[in-house]
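Have a look at the structure below, then the notes.
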Amino acid sequence: MSIEVHHIRKQFGSFTALDDVSLDFPSGELVALLGPSGCGKTTLLRIIAGLEQADSGRVILEGSDASATHVRERQVGFVFQHYALFRHMSVFDNVAFGLRVKPRAERPSEDAIRRKVTDLLKLVQLDWLADRFPSQLSGGQRQRIALARALAVEPRVLLLDEPFGALDAKVRKELRRWLRKLHDELHITSIFVTHDQEEALEVADRVVVMNRGQVEQIGSPEAVWHAPATPFVYSFLGSVNRFHGHADAGALQIDAQRIAHDADEPLAAGAEVIAFARPHELDIDTDLSVLEGLRARVTRIQAFGLTARIELERNDLEDTVHHHEVELPLDRLVALQLSVGREVRLTPSRLKVFAEPAANLAA
Amino acid sequence: MATLAHKPFRVLPGFRLTLGYTLLYLSLLVLIPLSAVFIKTASGGWEHFWNSISSPRVLASFGLSFGASLAAAAINSVFGLLLAWSLVRYRFPGRKLVDSLVDLPFALPTAVAGIALTAIYAPKGWIGSLAASHDIRIAFTPWGVLIALIFIGLPFVVRTVQPVLEDLEVELEEAAASLGAARWQIFRHVIFPTLLPALLTGFALAFARAVGEYGSVIFIAGNIPLVSEIAPLMIVTKLEQFDYAGATSIAAVMLVVSFVLLLIINSLQAWSARRIGRSA
């Protein structure tokens with residue numbers, strides 16, 4: 001089932017949680033809402049669920065306006081970060097809850113409930129825990145039970161609020177693979193909120209990157225990773241080198257130094273710009289007689305793993321220190337014969353340049 | 001090593017000392033005085049004991065004391081829960097004031113409470129005169145006893161339920177709502193079972209307090225034989241007649257009945273607490 005939100009605004013006192021957000025979640029997709037804390041992603045999820053009311057805007061579920069529908073009637077499955085299992089009920093009763101509170105006319109027979117709950121517990125691979133109480137389960141097991149409970153009422157959409165946020169790293173990894181697999185079996189339209197970029201990129205069909213109550217970019221994990229649309233997305237996803245400077249005919253002028261870039265659209269000469277390059281998109285050159293590139297000093301070399309990580313420092317004219325990070329193949333590192341303290345030139349193989357609006361200066 | 005092997009290892013030291021202290025303290029303050037009640041009772045002989053507790057006046061006072069105490073504790077459970085709910089869930093002007101008013105029955109000397117209640121509920125008092133115009137008498141009847149016991153038991157339920165309500169995660173209610181539960185179903189199946197252990201504790205405390213209450217009751221009760229005499233009053237009456245064995249006989253019965261009732265309530269409480277996974 002498809003979900004659309006139109007022009008959603010939400011204000012908490014003087015804080016704007018959502019500022020005119022419009023999104024379209026196609027049927028059957030698993031979408032991640034990704035962003036730093038306070039970006040409005042959880043608020044948006046709760047508005048879609050009906051747990052929160054938007055100040056203005058509409059929520060459309062399967063083509064019909066659900067803005068005024070109570071959470072009870074929206075038929076959404078909601079999974080909370082801290083599980084929200086009913087402690088006084090066994091695992092079985094937790095999963096059966098949604099079926100047992102149905103009006104008498106719609107309520108399945110106790111036999112049918114038993115079959116359904118057993119099936120769901122099998123689906124989450126925890127049927128052997130049916131008689132336990134939530135306090136006797138591990139965090140990962142609790143979250144799987146919470147998911148089974150949400151699925152019991154056959155929701156039209158599944159909404160997950162930081163579902164793996166309270167789990168340790170190993171269980172997180174396991175569970176997100178499992179969630180992906182489960183989604184491939186059920187094909188229920190799902191939205192999950194996370195601040196963990198790795199989680200979003202690994203699990204989701206599409207990623208919505210949010211910042212300060214607005215949508216920064218929507219796209220496949222590959223698209224947001226390889227072609228970030230805004231400076232925010234660039235700096236939020238993965239580690240990145242950031243350069244401030246002025247545009248100058250196909251090159252970036254930083255203080256008295258120049259580096260070439262490949263801007264998509266022409267930039268006004270002399271305009272303030274901000275440029276990004278990922279660590280693997282920077283190269284190091286030890287030949288200081290060439291002018292192209294940025295002078296920097298090696299501060300640390302980590303030569304383990306598949307690539308070597310080199311940390312560098314660069315001083316600008318105002319004596320502010322900028323930190324940079326370069327990833328090089330190990331053989332390249334050996335060929336360069338780098339050592340800590342050495343002066344080198346940084347030359348980007350790829351440099352993404354954005355005109356710098358005033359708002360981004362603060363970011 | 002040899003000694004460590006058969007002595008269970010404990011992280012905190014002083015187990016023997018604290019246990020010994022606890023037992024000594026309890027013995028000096030609770031067990032020895034209470035056992036004196038039974039020893040004194042025994043000194044009067046079986047027949048005197050039986051005669052003391054089976055006279056109609058005493059039986060009526062037992063009925064009133066335990067009946068009114070249970071009723072008062074039950075009423076306090078309902079309204080104490082309501083009060084705690086409003087104090088925790090809503091923000092209204094004067095909330096802090098109401099919150100501290102709840103403790104007043106704790107602090108007030110019971111005789112003051114008794115006099116105040118009598119003044120209001122007596123046939124010439126504000127509420128008493130209103131009731132009297134409808135031919136209802138409150139003071140000097142068992143109803144008066146009930147009102148006094150409700151008054152002094154009020155803080156117990158509020159104060160035991162309040163912290164549990166405050167800790168109740170809103171997410172539980174949201175989860176239940178998203179699963180399609182109506183408001184009353186959320187209360188019945190999610191909130192109430194979580195509150196039940198605290199509610200039972202509050203009930204037990206309010207009941208225990210009400211059974212032993214004397215000062216606030218004797219003024220409003222009017223102490224009419226067979227109608228509005230409470231068991232503690234019967235004990236005092238016997239004492240005034242220098243019938244010590246008779247007084248302790250009544251006291252012994254009250255002790256045993258109270259103990260049994262509290263034991264039942266506490267096991268109920270422990271059972272419901274286990275169900276919500278507190279001690280599991």
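If the requirement is being without any contact (Cβ under 8 Å) to a residue 24 or more places away in the chain and part of a loop (DSSP other than H, G, I, E, B), which of these qualifies: A:R114, A:R87, A:R72, A:R107?
On the way: A:R114 fails: part of a loop (DSSP other than H, G, I, E, B); A:R87 fails: without any contact (Cβ under 8 Å) to a residue 24 or more places away in the chain; A:R72 fails: part of a loop (DSSP other than H, G, I, E, B).
Result of the check over A:R114, A:R87, A:R72, A:R107: A:R107.
Of all the helices (runs of 4 or more DSSP H) wholly in the range A:192-237, which have at least 1 residues that are open to solvent by less than 30 Å² (accessible area, probe 1.4 Å), at pLDDT 90 or above and of a type in the set (F, W, Y)?
Values: elements: A:197-203, A:221-226, A:231-236.
So the answer is none; nothing clears 1.
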(message) Among the residues in the range A:196-203, are any in contact (Cβ under 8 Å) with a residue 24 or more places away in the chain, of a type outside the set (D, E) and at positive phi?
(response) no
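Please specify each residue of the range A:318-338 satisfying the condition of being in a loop (DSSP other than H, G, I, E, B) and either closer than 21 Å to A:S239 by Cα or open to solvent by 60 Å² or more (accessible area, probe 1.4 Å) (or both). Write out each step before concluding.
So in the range A:318-338, the residues in a loop (DSSP other than H, G, I, E, B) come out as A:318-320, A:337-338.
Answer for the range A:318-338, where residues must be in a loop (DSSP other than H, G, I, E, B) and either closer than 21 Å to A:S239 by Cα or open to solvent by 60 Å² or more (accessible area, probe 1.4 Å) (or both): A:E318, A:D319, A:T320, A:Q337.
Every residue, every condition in (1) facing another protein chain (nearest Cβ under 8 Å); (2) surrounded by fewer than 19 Cβ atoms within 10 Å (Cβ to Cβ); (3) within 26 Å of the chain's Cα centre (by Cα), yes or no:
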{"site": "A:D55", "(1), (2), (3)": "no, yes, yes"}
{"site": "A:G63", "(1), (2), (3)": "no, yes, no"}
{"site": "A:F86", "(1), (2), (3)": "yes, no, no"}
{"site": "A:V91", "(1), (2), (3)": "no, no, no"}
(message) Give me the residue from the range B:105-125 that is closer than 22 Å to B:A204 by Cα and free of Cβ contacts under 8 Å to residues at least 40 places away in the same chain and, out of that set, surrounded by the most Cβ atoms within 10 Å (Cβ to Cβ).
(response) B:L108
(request) Filter the range A:32-42 down to the residues that are buried (at least 23 other Cβ atoms within 10 Å of the Cβ) and outside any loop (DSSP other than H, G, I, E, B), then identify the one that is farthest from the other protein chains (Cβ to nearest Cβ). (result) A:L34
(request) List the number of the failed condition for B:R183; all other conditions in (1) surrounded by fewer than 16 Cβ atoms within 10 Å (Cβ to Cβ); (2) within 14 Å of another protein chain (Cβ to nearest Cβ); (3) touching a helix residue (DSSP H, G or I) at 6+ places or on another chain (Cβ under 8 Å) hold. (result) (3)
(message) Looking at the range A:339-349 only, could you name the residues that are touching a helix residue (DSSP H, G or I) at 6+ places or on another chain (Cβ under 7 Å) and surrounded by 13 or more Cβ atoms within 10 Å (Cβ to Cβ)?
(response) A:P348
(message) Please go through (1) within 30 Å of A:I48 (Cβ to Cβ); (2) in a helix (DSSP H, G or I) for B:A181 and return the number of the only condition it doesn't satisfy.
(response) (2)
(request) Just give me the residues in the range A:65-77 being open to solvent by 70 Å² or more (accessible area, probe 1.4 Å) and either among the charged types (D, E, K, R) or away from chain B (no Cβ under 14 Å) (or both), in sequence order. (result) A:D65, A:A68, A:R72, A:E73
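The values are calculated or read from the model by the stated rules, or taken from the named source; none is laboratory data. Note that the structure is a prediction, hence the values are computed from the model and not measured. For neighbour counting, all protein chains shown are included, and Cβ atoms are generated from backbone atoms with ideal geometry for every residue, glycine included. Just the protein is used for accessible areas: all its heavy atoms, side chains included, with ligands, DNA and RNA removed. Shrake-Rupley method; radii C 1.70, N 1.55, O 1.52, S 1.80 Å.
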